[in-house]
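Each remark here refers to the structure printed beneath this line.
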Amino acid sequence: MGSSLRIREIPNVWVKEGGRIYRNPPRPLIQDLNTLPYPDYELFNYEDLEEGAVHKILITQASRGCSYSCTYCCNSLLRSLYKEGGKFLRHYSVDRFLDEVEFGLKRYPFLKEVRFSDDTITQDKGWFGEFTGKYKNRIGLPYSGNERVENIDKETAAALKESGCISLDLGIESGSRFIRETYMNRRMSNDKIVEAFRMLNSSGINTNSFNILGMVGETPQTVLETVKLNAAVRPSVTFNAYFYPFCGTKARELVKERGYRVDADVKDFFSRPVVDLDTISAAQLVFFHKYFYLLMKLYGFLERRPKNAGEKMMKTLDAVLTSRYFPYFLFNFFHFGKDDMIAILRKYPGLYVRIRKVYRSVRGKI
Ligand code: SF4
């Protein structure tokens, strides 16, 4: 702004002049991440943050961008914005990245774990190979992150474990291959998903799954496919979000094309369904969202029964849960679980701070 450039020549800025909006082109992506300074670790005191005080985790990021294009994700939008802007997935050099982690840990030596907020850790196999060799020697703390099932094979699972990975979050998103491929642009088979979770679990790495409920094409039957796929892969934790069609994404266009109403008042994707679909009701979605974990355990239990008996019971359960006479609203009314508690605390952050204060003072006395 302080330069002699006219405001309509400054990249990344939209300007309103004379009642007209001028959309200046985006600035090219920074290709060499090593030129970036370290994050300002003084901006927030880790001792006061949940990550620091409760979990003792340093949050970091070794890359920018993602080489996939899921329809509902901001990366599909960003990629289209930067079509001419060079490489979309970029990494710090391994040494520069580890320098930054060491810098953060020097400032907050009480942190005992590292969390990668990268979209995936192992996409660039060359980078990951160098990283695993050096991370253990230089940092040596357990770490966790996000991953895609396609990137996991036996060698990668072993390298993750060997270098200190203790937990990975992986997107299943939908148990219906048709929904994944047609509406989400996620082209992996169910077998690949099962195999990746199996390899990680048997390497001793904790797995958590991400799921989206209420995507275009969703029906009670497809939600049950998601529940059953989760039951088959046995994640430690499931994160279940309602489908949220972010503006500018391909998924948003899809919703528009179909003429579905979007609830503009919903500000997050956990509290209630956002898109009014004609293939599944809001009450059904809320029910499956609230009881997802329980149903996953139940189907998992039935799957492990002797074949005929288990299959029969699962079919009966399928029929009950997808019946038009099933009282979803009654179950929804009486359920109060972890998600409701989180929703309340999110709505009233002051309450969370008070509870934490009381907890700390009590903990100090025992
Ligand atoms: S893999 Fe994850 S980060 Fe990458 S585009 Fe898909 S949802 Fe987004």
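Laboratory data are not the source of any read-out in this text; all were calculated from the coordinates shown. Keep in mind that what you see is a predicted model, and the values were worked out from it rather than measured. With ideal geometry, Cβ positions are generated from the backbone for all residues, glycine too; neighbour counts draw on all protein chains shown.
What percentages, rounded to whole numbers, describe P(r) for segment 191-311 computed over all alpha carbon pairs with 10 Å bin width beginning at zero?
All Cα pairs, binned at 10 Å, distribute as 13, 38, 31, 15, 3 percent.
What number do you get for segment 83-127 when its Cα radius of gyration is normalised by 2.2 N^0.38 Å, N = residues?
1.44
Over 19 Å between C-alpha atoms is what I'm after, so list which of LYS125/LYS161; LYS154/LYS307; LYS192/LYS312; LYS228/LYS290; LYS134/LYS161; LYS154/LYS192 land there.
Beyond 19 Å between Cα atoms: LYS154/LYS307; LYS192/LYS312.
Which whole number of Å³ per residue matches the convex hull of the alpha-carbon atoms in segment 230-366?
It comes to 181 Å³ per residue, whole-number rounded.
Considering the convex hull of the alpha carbon atoms of segment 1-127, report its projected area averaged over all viewing directions, in nm², one decimal.
So the Cα hull casts an average projection of 11.1 nm².
Tell me what the chain gives for mean residue ellipticity at 222 nm when only DSSP H runs of n ≥ 4 count, each as -39,500 (n - 2.57), the sum divided by the residue total, rounded to 500 deg cm²/dmol.
Numbers: 13 runs with 152 residues, N = 366.
My calculation for the chain gives -13000 deg cm²/dmol from helical runs alone.
In debye, nearest 20: dipole of the chain around its Cα centre with unit charges on the Cβ of K, R (+) and D, E (-)?
The calculation lands at about 600 debye.
From the convex hull of the Cα coordinates of the chain, what is the mean projected area in square nanometres?
23.6 nm²
Have a look at PHE239, PHE333, PHE131 and tell me which one the Gaussian network model of the chain (Cα, springs below 10 Å) gives the largest fluctuation.
Taking springs between Cα atoms under 10 Å, the residue moving most is PHE333.
Using square roots of five times the C-alpha gyration tensor eigenvalues, list the equivalent-ellipsoid semi-axes of segment 24-91 in whole Å, biggest first.
So the equivalent ellipsoid measures 29, 16, 11 Å along its semi-axes.
Springs between alpha-carbon pairs under 10 angstrom, Gaussian network model over the chain: which of GLY19, GLY133, GLY214 fluctuates most?
GLY19
For q values of 0.15, 0.17, 0.19, 0.21 Å⁻¹, compute log₁₀ I(q)/I(0) with the Debye formula on a Cα-only model of segment 63-164, without solvent.
Per q value, in the given order, log10 I(q)/I(0) is -0.68, -0.85, -1.01, -1.15.
Which trypsin sites (Lys or Arg not before Pro) from segment 260-325 combine a DSSP loop assignment with at most 14 other Cβ atoms within 10 Å? Numbers along the way, then the final one.
On the way: sites: ARG261, LYS267, LYS290, LYS297, ARG304, LYS307, LYS312, LYS315, ARG324; in loops: LYS267, ARG304, ARG324.
Loop-located and lightly packed - LYS267, ARG304, ARG324.
Using +1 at the C-beta of Lys and Arg and -1 at the C-beta of Asp and Glu, which of GLN123, ASN75, GLY104 has the Cα lying farthest in the positive direction of the dipole of segment 74-128?
Ranked along the dipole, the leading option is ASN75.
Between ARG354, ARG252, ARG187, find the one with the highest GNM mean-square fluctuation for the chain; connect C-alpha pairs within less than 10 Å.
Fluctuation is largest for ARG354.
Only sites in a loop by DSSP and with at most 12 other Cβ atoms within 10 Å count here; which GluC sites (Glu not before Pro) in segment 15-99 make the cut?
Counting only loop positions with at most 12 other Cβ atoms within 10 Å, the GluC sites (Glu not before Pro) in segment 15-99 are GLU42, GLU84.
What number comes out for the charge environment of TYR299, summing +1 per Lys or Arg and -1 per Asp or Glu over other residues with Cβ under 14 Å away? Each step should come with its number before you reach the end.
Values: positive: LYS228, ARG234, LYS297, ARG304, ARG305, LYS312, LYS315; negative: GLU225, GLU303, GLU311, ASP318.
Surrounding charge for TYR299 is +3.
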